Amino acid sequence: MSQLLDAAAGVANACEPIPGVVTGGQPTLAHLTALKRAGCEVILDIREPMEPQPFRAPTPFERRGSSTSTSR
């Protein structure tokens, strides 16, 4: 088993159809952390907009390492 697939253990329908590409259901934040440690570089979210989104994806601004805050 590859490190990526090991990192996805417990994700519904997780499989590695070709080396380096892991597919499956909704990962948890713990899975995402493990996938990053295993060398994962890209996560594709192809859910329908009406499907549950258990956590918010970072904005491009946040992905660059910046954070946002609001003040009132």
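FYI, it's all coordinate maths here, none of it is from the lab. Keep in mind it's a predicted model, so treat the numbers as computed, not measured. Cβ: placed from backbone, ideal geometry, glycine included. Neighbour counts: every protein chain shown.
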Task: Ascending count of other beta-carbon atoms within 10 Å, so fewest first, for 56, 47 - done: 56, 47
TODO: Can you put 16, 41, 51 in order of Cβ neighbours within 10 angstrom, beginning with the fewest?
DONE: 41, 51, 16
